[in-house]
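The values are calculated or read from the model by the stated rules, or taken from the named source; none is laboratory data. The shown structure was predicted, so the numbers you read here are calculated from the model rather than taken from an experiment. Neighbour counts are summed over all protein chains in view; Cβ atoms, including those assigned to glycine, are modelled from backbone coordinates with ideal geometry.
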Amino acid sequence: LRMILIGPPGAGKGTQAPKLKERFSCCHLATGDMLRNQVAKKTPLGREAKKIMDQGGLVSDDIMIGMIREELKNNKECEGGFFHPSFSFILDGFPRTVPQAEGLDAMLAERNKPLQHAVELQIDDSLLVERITGRLVHPASGRSYHRTFNPPKEHMKDDVTGEPLIQRSDDNAEALKKRLGTYHAQTAPVVGYYQKTGIWKGIDASQQPGQVWKHMLEIVEAGP
Ligand code: AP5
Ligand code: ZN
């Protein structure tokens, strides 16, 4: 499976991708999680990225394409990494600009393994504030919960590890407004890019997570 998920902040990319990973034994690579990893490690890239992320902007295309290229080159095993031997992956949060989409296509063309599905999670901005401000995450794994819609079994603790859950520093109404602006200006054109190549599919992401998952499965099982 070679697939990307496109959608605004809170659309459900990080909620659906781990389910795909489990179902299809493929790798899940979330560029937001990779960047947050760098922030936690306080690397030079992390320090730079934190400012941009908290302001709702985008890290440069060169850095992001380079990051994905490294992952492809390393061809690591799934755990915490990427790219299964069979070259099966879900990208969550990349590509986010047309140059990133072109960069990805070029990398995959080198291997003769084109993308099969570009799935857009479609949802109205008005529904996203509640999703984003109520989100809780387990930083180490990237697992996310919601105070109301998907509460953890134990208050503020990850179901799997029991470790504390936190709120992302960009999950506030003000930063969200900027992230949405960035999405409409820079990422929405990526949808048009994949509509032209013919691999685009849309899902109504305002539905219950189980319904969204059902549509996701239908798309993948129908094949490219
Ligand atoms: P990233 O981490 O990718 O953030 P994002 O795109 O803003 O997306 P989110 O993680 O907020 O949303 P999601 O769709 O994953 O929602 P989730 O499933 O968790 O990127 C962060 C930043 O990094 C960017 O702003 C940028 O600065 C930088 N960056 C990353 N990639 C980059 C790139 N390629 N180029 C440049 N810069 C890059 O769901 C949200 C909440 O809603 C959860 O609480 C969940 O439980 C709940 N929920 C999910 N589905 C449903 C449902 N169906 N019904 C009810 N509640 C639901
Ligand atoms: Zn996410």
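Descriptive notes on the structure:
- Hey, Ala11 within 16 Å of Gln100 (Cα to Cα), touching a residue at least 60 places away in the same chain (Cβ under 8 Å), touching a strand residue (DSSP E or B) at 6+ places or on another chain (Cβ under 9 Å) and within 14 Å of ligand 2 (Cβ to nearest atom) or not: no
- Count - residues of the stretch 4-41 that are assigned to a strand (DSSP E or B) and either near ligand 1 (Cβ under 7 Å from one of its atoms) or within 14 Å of Ile203 (Cα to Cα) (or both): 4
- Some residue of the stretch 189-208 being modelled with pLDDT under 95 and either surrounded by 18 or more Cβ atoms within 10 Å (Cβ to Cβ) or of a type outside the set (D, E, K, R) (or both): yes
- Count - residues of the stretch 105-130 that are within 21 Å of Ala185 (Cα to Cα), in contact with a strand residue (DSSP E or B) (Cβ under 9 Å, 6 or more places away or on another chain) and surrounded by fewer than 21 Cβ atoms within 10 Å (Cβ to Cβ): 2
- Complete set of residues in the stretch 49-94 that are at pLDDT 90 or above, part of a loop (DSSP other than H, G, I, E, B) and on the phi < 0 side of the Ramachandran plot: Gln55, Gly57, Leu58, Val59, Ser60, Phe94
- Filtered residues of the stretch 91-148 (kept if within 15 Å of ligand 2 (Cβ to nearest atom), of a type in the set (Gly, Ala, Ser) and within 15 Å of the chain's Cα centre (by Cα)): Gly93, Ser141, Gly142, Ser144
- Residue in the stretch 132-151 that is surrounded by the most Cβ atoms within 10 Å (Cβ to Cβ), counting only those that are part of a loop (DSSP other than H, G, I, E, B) and more than 10 Å from ligand 1 (Cβ to nearest atom): Pro139
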